[in-house]
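Undergrad: Here it is: the structure, laid out below.
Readers should treat all values here as calculations from the given coordinates under stated rules, not as data from a laboratory. From a predicted model like this one, the values you see are computed outputs, not experimental measurements.
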Amino acid sequence: MRQPIATLILSNTARAGLTGFLKTLAREVAADGATVNSALPGLHATALVTPLYAGDRDAAAGIPAGKLGDPADFGRVVAFLCSEPASYLTGAAIQVDGGSYGALL
């Protein structure tokens, strides 16, 4: 997730640093045929998230897709990033969040 989350200062800082590291690494290893990308999840129906929102009809209110993500769908995006068709895709940060991230960049 690219947007900072209120009260999560350490996580916000770590994610920003990791994103910068991955972008730099992608450029350094691209000539060797290696790709480096990141998949940025929004809220997905996982064992950690589901109990937090159980019975909460507003859990997906801020998600344009109108629902929590399916972890299997997230896995398919990651599998694509690891596949041959994605061999020219490097340095990308892919939002997998049902449209929650609203910025242009």
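Undergrad: On a 0 to 90 degree scale, rounded to 10, what angle separates helix 71-81 from the longest Cα axis of the chain?
TA: Value to nearest ten degrees: 10.
Undergrad: OK, next. Which log10 I(q)/I(0) values, to two decimals, does the chain give at q = 0.12, 0.16, 0.24 Å⁻¹ under the Debye formula with one point per Cα?
TA: -0.48, -0.82, -1.37
Undergrad: How far, in degrees from 0 to 90, does helix 9-29 lean away from the longest principal axis of the Cα atoms of the chain, to the nearest 10?
TA: 30
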